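**Student:** What follows is a single structure, and I will ask about it in a moment.
The values are calculated or read from the model by the stated rules, or taken from the named source; none is laboratory data. Model, not experiment: these values are computed from the prediction. Every residue, glycine among them, receives a Cβ derived from its backbone with ideal geometry; neighbour counts consider all protein chains shown. Areas reflect the complete protein model, heavy atoms only, side chains present, ligands, DNA and RNA absent. Shrake-Rupley method; radii C 1.70, N 1.55, O 1.52, S 1.80 Å.
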Amino acid sequence: GMFNVQRTVGSILCCKCGVLTQPNGANMCLNCLRSHVDIKEKLEKHATIRHCPDCDSYLQPPRTWIKAQLESKELLTFCLKRLKNLNKVRLVHAEFIWTEPHSKRIKVKLRVQEEVFNVVLEDAYTVEFVVVDQMCDSCTRVQANPDQWIAVVQLRQHVSHRRTFFYLEQLILKHDAARYAIRIKQMDHGVDFFFGHRSHAMKFVEFLNKVAPIRYRNDQQLVSHDSKSNTYNYKYTFSVEISPICREDLICLPPKVATALGNLGPLVVCSKVTNSIVLLDPFTLRQSFLDADQYWRSSFKPLLTSRQLVEYIVLDIERYSSEVTVGGLKYVMADAQVARVSDFGKNDIMFNIRTHLGHLLNPGDYALGYDLHGSNNNEADLNKYKGLYLPEVILIKKSYEEKRLKKRGKPRSWKLKSLEMEVDSSAAAKGRGGDHEEKMNSEYEQFLRDIEENPELRFGLSLYTNKEYQPETTSVTTDGDDIPSVPLHELIADLDLGDGGDDETTMS
């Protein structure tokens, strides 16, 4: 019940304008203190940055080049680090002020704070950066002589298709693994990547080792030698070979490999390829992993590849097991009666088989599989298994070819980006230029279809919205009776900084 006196803060008159204000070391109000003390006085308002117009990178002295797009977070961070004495104040906010892209000027608006006489002052000012063009070392070497490379990575895979390289191209683009490549050249059985430094080539080989089952060897060739200063100049070559085993290939495992994998198979299907090979037994649904070292110790080739798939029609199917999840994918064992589509109207040959695609197939559906009944298999590993029963047909996946014919020529709602590659002219020199280009287009179209049909395949890829696509009135969702398509929420908006300000790109 005692009476407590409330504490009050005293006020004084400003020594300049006479306004009541809280006491401080200068005995001034906030406005007068701001007029007498300029916290921006010791900060830079003009700076110069070096920009390489070819690779769109900026020089971080003394020799580091940083890639950054206009009005990006990376460029804003780079600009702030170039300002002196900015660490002596507190940075509150920073943003770009739009300038003409060809003006060679970048303006950044900053808001800073500093404590003066126990009073926090805040002010905003604009910094203007003058962009000076200067080519980086790699671009200078390319402009002088494109053949002045230091290291080359020769990526090869000895198969009859380029599906693996289409997939690797998207992984390289997503992770920007080839950002230091001086030149990229597409060869007959692979791709060559040229680098200006040996360390860049080694880093690229390490990336390939994480995403594909590879083996490599490196060689060096002496270019010049200065005996007085005892310096040597070499050119380095990294020969990288990718395993010929691809997704959806049918494999007959060698007896030693099958025993090491717990008596798997011996007839197995390659369900996935990363830095290891995932093998699936389509009859027992057992799955095993074969890493790169295990494969190259006892390398083998596929019995049949995806280019030898035959189209079948499902006449009848009877499921006899429940749904099983193996490696994140669902399977159902079933007995099916199928017939080759090419036999319609010619004969009545039908096959009673067992398949692991019972959850996808219904009577009347089409499926792609391997015709072991009509194929001529001279595989040496098959002869090592005495009494091995070969099924007549092994189905691999459901086919949507009949339904795709109705939508042929229509653009997709998504698109992929591609690397800037030089095409080797040896294909055209051999007289097969037109056929080679047609084959490439056909294989690329099949790769796009695989992306639509396999959600796991596009998990590690970047898909972009297609501005030319016009949606139809029908539903775009995927169901059992429609063609698989890429959901809109998996697409990335293709941001183009060259567009006008009225065009806003949003995330799909």
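**Student:** Restricting to Cα pairs below 8 Å that are 6+ residues apart, what does the relative contact order work out to for the chain? Please round to a whole percent. The partial results should precede the final answer.
**Tutor:** Values: 824 pairs, mean separation 45.9, N = 508.
Relative contact order comes out at 9 percent.
**Student:** Count the net charge of all other residues whose Cβ sits under 14 Å from the Cβ of ASP176, scoring Lys and Arg as +1 and Asp and Glu as -1. Please list the in-between numbers first.
**Tutor:** On the way: positive: LYS67, LYS174, ARG179, LYS203, LYS417; negative: ASP56, GLU74, GLU169, GLU420.
Charge balance near ASP176 sits at +1.
**Student:** How high is the FRET efficiency from ASN376 to GLU402, r the C-beta distance, R0 30 Å, rounded to 0.05?
**Tutor:** 0.55
**Student:** Which label marks the calculated value of P(r) over Cα pairs in 20 Å bins from 0, in percent, given the options (1) 16, 38, 26, 14, 5, 0; (2) 24, 58, 17, 1; (3) 25, 63, 12, 0?
**Tutor:** Computed from these coordinates, P(r) over Cα pairs in 20 Å bins from 0, in percent corresponds to label (1).
**Student:** Give me the extension gain from GLU456 to SER160: residue separation times 0.36 nm, minus the current Cα-Cα distance, reported in nm with one decimal. Could the numbers behind the result be given before it?
**Tutor:** Values: separation 296, 0.36 × 296 = 106.56 nm, distance 2.39 nm.
Taking 0.36 nm per residue and subtracting the Cα distance, the gain is 104.2 nm.
**Student:** Sum -39500 (n - 2.57) across every DSSP H segment of at least 4 residues in the chain, then divide by the residue count to get the 222 nm mean residue ellipticity, nearest 500.
**Tutor:** Details: 11 runs with 96 residues, N = 508.
Helix-only estimate at 222 nm: -5500 deg cm²/dmol.
**Student:** Whole-Hz ³J(HN,Hα) for each residue in segment 413-421, computed from phi via Karplus 6.51 cos²θ - 1.76 cosθ + 1.60 with θ = phi - 60°, x for glycine and proline: what do you get?
**Tutor:** My calculation for segment 413-421 gives 7, 9, 8, 10, 8, 9, 6, 7, 10 Hz in order.
**Student:** Treat each spin label as a single point 7 Å out from the Cα along the C-beta direction, and report the ALA47 to TYR125 distance in nm.
**Tutor:** 1.3 nm
**Student:** Another question, then. Report, by chain and number, residues whose modeled amide H sits under 5 Å from the one on LYS16, excluding near sequence neighbours (fewer than 5 apart, same chain).
**Tutor:** CYS29
**Student:** Tell me, what is the FRET efficiency for ARG105 and LEU419 to the nearest 0.05, using R0 = 25 angstrom and their Cβ-Cβ distance as r?
**Tutor:** Details: r = 32 Å, r/R0 = 1.29.
According to the calculation, E is roughly 0.20.
**Student:** So what's the angle, to the nearest 10 degrees on a 0 to 90 scale, between helix 433-453 and the longest Cα principal axis of the chain?
**Tutor:** On a 0 to 90 degree scale, this one is about 80.
**Student:** Ok, one more. In segment 210-247, which trypsin sites (Lys or Arg not before Pro) are in a loop and have at most 15 other Cβ atoms within 10 Å, using DSSP for the loop call?
**Tutor:** For trypsin sites (Lys or Arg not before Pro) across segment 210-247 that sit outside H, G, I, E and B with at most 15 neighbouring Cβ atoms in 10 Å, the list reads LYS228.
**Student:** May I pose another question? Residue separation times 0.36 nm, minus the C-alpha to C-alpha distance between SER227 and MET202: what's the value? Present the calculation step by step, with values, prior to reporting the outcome.
**Tutor:** Working: separation 25, 0.36 × 25 = 9.00 nm, distance 2.79 nm.
Computed gain between SER227 and MET202 is 6.2 nm.
**Student:** I've got another one for you. When DSSP beta bridges are limited to those with both residues in the chain, what percentage is antiparallel, rounded to the nearest 5?
**Tutor:** On the way: 90 of 107 bridges.
Around 85 percent antiparallel, to the nearest 5.
**Student:** Report the rotationally averaged projected area of segment 330-406 based on its alpha-carbon convex hull, in square nanometres.
**Tutor:** Working: hull surface 28.0 nm².
Mean orientational projected area (segment 330-406, Cα hull): 7.0 nm².
**Student:** Another question, if that's okay. Points 7 angstrom from Cα along the Cβ direction at THR274 and SER239: gap in nanometres?
**Tutor:** It works out to 3.0 nm between the two label points.
**Student:** Compute the Kirkwood hydrodynamic radius of segment 217-321, taking the inverse of the mean of 1/r over all pairs of distinct Cα atoms, and give it in Å to one decimal. Spell out each step's value before the answer.
**Tutor:** Numbers: mean 1/r = 0.0584 Å⁻¹.
After inverting the mean inverse Cα-Cα distance, the result is 17.1 Å.
**Student:** Still on this model: What's the center-to-center distance, using Cα atoms, between segment 265-306 and segment 74-136 in Å?
**Tutor:** Taking the Cα centre of segment 74-136 as reference, the centre of segment 265-306 is 56 Å away.
**Student:** So what is the accessible area of segment 138-242 per residue, in Å², with the probe set to 1.4 Å?
**Tutor:** Values: 5420 Å² over 105 residues.
Using a 1.4 Å probe on heavy atoms only, each residue of segment 138-242 averages 52 Å².
**Student:** Given R₀ = 41 Å, FRET efficiency for SER342-ASP293 by Cβ-Cβ distance, to 0.05? Present the calculation step by step, with values, prior to reporting the outcome.
**Tutor:** Numbers: r = 42 Å, r/R0 = 1.02.
Computed FRET efficiency for SER342 and ASP293 comes out at 0.45.
**Student:** Using θ = phi - 60° and the Karplus relation 6.51 cos²θ - 1.76 cosθ + 1.60, list the HN-Hα couplings for segment 173-183 in order, rounded to whole Hz, with x at every Gly or Pro.
**Tutor:** 5, 5, 8, 6, 6, 9, 5, 9, 6, 6, 8
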